[in-house]
């Protein structure tokens with residue numbers, strides 16, 4: 001598989017600390033409480049393997065004495081914090097990275113307004129400003145094609161490498177701050193590349209996807225330039241752009257960053273990690289997710305909901321899903337109201353408990369590969385063809401992919417997320433592929449999926465518009481009509497569930513067989529429509545099951561249990577004999593299937609909580625152990641050499657039946673995370 005190469009410091013650097021202050025013009029005591037002795041003692045309580053420290057945040061002020069002529073040094077710098085962090089990390093023998101805000105730099109925008117992005121015309125059809133940033137209001141976001149890169153960002157990075165010997169950069173405020181720029185340079189280059197003279201000002205314009213993708217290309221080229229500059233200047237210094245090449249940015253990871261990272265949501269972040277881990281594990285680079293070590297229940301900046309520390313168990317739970325997929329973990333600590341660089345000892349001790357949990361899992365969890373069951377397609381071609389707004393990260397609609405992952409994972413099957421770049425190379429590895437409302441497929445992906453089915457694969461496709469992407473003949477149907485904004489009932493388990501879809505395809509079968517009929521009400525035997533709710537078509541040696549509605553968009557929006565059950569029914573219709581590995585477990589257990597050498601690994605992550613996790617409380621605390629778990633392996637002709645749990649001493653009920661070639665393992669309970677190892 002042709003993966004791009006990435007770089008990291010080595011396997012033992014597994015658990016990190018991220019600390020930032022976002023220094024500003026109101027600070028008065030920066031650097032006064034992070035002397036080598038004080039900082040070393042605090043870091044030893046947590047025992048991180050690597051550290052990322054404050055350098056330049058979104059306000060654009062440095063917390064160190066930068067000598068670059070265009071720099072803005074905070075007036076509150078009393079002692080050089082970077083010098084002190086470097087001394088402490090050298091003493092501890094760990095790498096030091098810088099937290100550096102890229103595209104978002106308020107101070108640079110105030111001093112050099114010509115560097116900033118030019119906003120869209122105020123009204124559709126209104127002419128864009130003329131002259132480099134002419135008439136643009138003072139902004140905070142930098143144009144990726146402007147002077148900022150060469151006159152501030154790259155010079156400061158090289159200064160940090162030369163003066164302090166820093167080992168890496170974690171560039172924040174980049175992808176998720178990047179917006180379309182209507183300056184002369186961007187407009188001219190867009191016209192040169194596309195032949196479109198006037199960039200569109202609204203997503204309603206037919207040229208908007210081209211403009212948005214040009215913005216993405218401009219950003220990728222900007223990141224490539226600072227990566228190349230650092231790598232040329234000092235090979236071995238690592239560079240990462242926050243959220244680049246992550247779940248909301250699918251496609252070939254060609255930008256030469258060394259590793260991939262992003263900071264998860266401060267609250268309700270578990271679902272984000274569930275998708276990120278499944279996607280990042282397919283990128284072919286080292287990766288981590290930064291977990292906020294603090295949270296508030298009602299949003300940033302609200303005085304009646306101040307920040308507080310997360311319970312250690314909550315951080316362990318968030319970390320477990322990342323570890324299960326082979327990722328690294330770093331924790332973001334930002335002591336509130338302490339601007340001198342001081343770390344809070346009791347908080348650092350608690351983070352040390354999380355670190356012990358993480359490090360205990362390194363030998364088992366590092367350098368694993370997926371044990372393939374279900375691949376969910378996250379098509380970059382579909383995303384690039386779909387009008388988006390906001391910025392390069394938050395403007396993307398990943399709802400159907402999220403819904404597919406959650407519905408499938410909660411049916412206790414192994415799920416991976418692959419974009420077209422990855423799936424085109426690996427499609428045949430997976431017994432089942434799911435295409436969740438991804439109707440703008442590339443021709444190569446569509447043909448690969450058809451060949452996959454002909455060769456024996458099982459394909460689950462959803463969405464009324466997906467029939468055009470894969471072809472009605474392939475699906476074995478004819479679309480009679482499409483209804484908009486409609487809810488029909490679907491039979492599921494022992495009941496029926498309403499499913500709302502923006503577009504519902506009403507089908508007639510040609511070669512496909514109906515799986516069941518649409519229902520107008522919750523009644524199972526009255527007001528039944530002649531059209532099927534799903535069809536199953538056998539093609540070659542395989543089969544495709546098609547649901548002509550936004551099934552997974554609906555599940556992500558509503559999370560109805562019977563919709564989850566319906567998805568399980570679809571899997572059973574598509575794969576009647578089931579997977580070679582089947583799991584029966586409590587719903588709150590997330591299952592991750594991995595392998596390492598000849599060892600099969602079944603990771604179980606307990607997503608439960610002893611206290612109700614409600615909108616007024618974002619905490620997870622007192623996580624109760626849950627069970628039992630029963631795992632059945634088909635095709636196990638010989639007794640396994642060893643069966644054990646990796647992180648507990650519980651007795652297992654292991655039964656091998658050579659007559660039926662089955663292995664059955666019963667696990668009493670799972671606390672937060674444990675792994676069944678079968679060799």
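With a 10 Å radius around each residue's Cβ, average the other Cβ atoms per peptide and rank 156-163, 103-110, highest first.
Working: 156-163: 19.1, 103-110: 23.6.
Answer by packing, highest mean first, reads 103-110, 156-163.
What are the radius of gyration and Dmax of region 581-678, computed over its Cα atoms and given in Å?
Cα radius of gyration and Dmax of region 581-678 are 15.2, 54 Å respectively.
Taking a temperature of 37 °C and a viscosity of 0.692 mPa s, what whole-number D in µm²/s does Stokes-Einstein yield for region 371-574 with Rh from Kirkwood over alpha carbon pairs? Numbers along the way, then the final one.
On the way: Rh = 16.8 Å.
Reported coefficient: 195 µm²/s.
Note the listed values (1) 25.0, 75; (2) 26.3, 80; (3) 24.9, 85, then indicate which one is Rg and Dmax of the Cα atoms in Å calculated from this particular structure.
(2)
Suppose only helical runs count, i.e. DSSP H with n ≥ 4. What mean residue ellipticity at 222 nm does that imply for the chain under -39500 (n - 2.57) per run, divided by all residues and rounded to the nearest 500 deg cm²/dmol? Kindly include the intermediate steps, with their values, before the conclusion.
Numbers: 18 runs with 187 residues, N = 679.
Calculated at 222 nm, the ellipticity per residue is -8000 deg cm²/dmol.
What ranking of 257, 308, 399 emerges when the number of other C-beta atoms within 10 Å of each C-beta is taken as an exposure proxy, fewest first?
Numbers: 257 24, 308 13, 399 17.
By the 10 Å Cβ count, ascending, the order reads 308, 399, 257.
Taking a label point 7 Å from the Cα of residue 652 along the Cα→Cβ vector, which residues of region 564-605 have an amide N closer than 20 Å to it?
Residues 579-586, 589-605 fall inside that zone.
Let me see the pair-distance distribution of region 175-255: every alpha carbon pair, 5 Å bin width, integer percents in order.
Over region 175-255, the share of Cα pairs per 5 Å bin runs 3, 13, 22, 20, 17, 14, 7, 3, 1, 0 percent.
Can you tell me the orientation of helix 399-409 relative to the chain, as the angle in degrees between its alpha-carbon axis and the longest Cα principal axis, to the nearest 10?
It works out to around 60 degrees.
Report Rg(Cα)/(2.2 N^0.38 Å) for region 208-277, keeping two decimals.
Working: Rg = 14.1 Å, N = 70, 2.2 N^0.38 = 11.1 Å.
Normalised Cα radius of gyration, region 208-277: 1.28.
Provide, for q = 0.23 Å⁻¹, the log10 of I(q)/I(0) from a solvent-free Debye sum over equal Cα point scatterers in region 254-352.
The calculated log intensity ratios at q = 0.23 Å⁻¹ are -1.20.
Which angle from 0 to 90°, rounded to the nearest 10, does the C-alpha axis of helix 81-92 make with the longest principal axis of the chain?
Once rounded, the angle reads 60 degrees.
At what distance in angstrom do the alpha carbon centres of region 225-296 and region 316-381 lie from each other?
Centre-to-centre distance over Cα atoms comes out at 13 Å.
With angles folded into 0 to 90 degrees, how steeply does helix 443-454 sit against the dominant principal axis of the chain? Use alpha carbons for both and round to 10.
40 degrees
Provide the gained length on full extension for the span residue 577 to residue 265, in nm with one decimal, where the gain is 0.36 nm per separating residue minus the Cα-Cα distance.
Length difference between fully extended and current span is 108.4 nm.
Once you place label points 7 Å from the Cα toward the Cβ at residue 305 and residue 508, how far apart are they in nm?
With each label placed 7 Å out from Cα toward Cβ, I get 5.3 nm.
Counting only DSSP beta bridges with both residues in the chain, tell me the antiparallel percent, nearest 5. Don't jump to the answer; show the numbers that get you there.
Values: 65 of 113 bridges.
Beta bridges within the chain, antiparallel portion: roughly 60 percent.
Report relative contact order for the chain in percent, whole number only (criteria: Cα-Cα under 8 Å, sequence separation at least 6). Spell out each step's value before the answer.
Numbers: 1558 pairs, mean separation 73.0, N = 679.
Computed value for the chain: 11 percent relative contact order.
Please work out the Cα center distance from region 450-478 to region 483-520, rounded to the nearest Å.
Each part's Cα centre sits 17 Å from the other's.
Give me 285, 91 ranked fewest to most by other Cβ atoms within 10 Å of their Cβ, as a rough exposure proxy. Please list the in-between numbers first.
Details: 285 19, 91 14.
Placing the least packed residue first, the sequence is 91, 285.
So how far, in whole Å, is the C-alpha centre of region 653-679 from the one of region 45-83?
With region 653-679 and region 45-83 each reduced to a Cα centre, they are spaced 51 Å.
Neighbour counts of other C-beta atoms within 10 Å: give me 310, 141 arranged from fewest to most.
Sorted ascending by nearby Cβ count, the order is 141, 310.
Coordinate-derived values only; no laboratory data. A quick note: this is a predicted structure, and the numbers were derived from the prediction, not measured. Ideal geometry is used to build each Cβ from the backbone, glycine not excepted, and the neighbour counts take in all protein chains shown.
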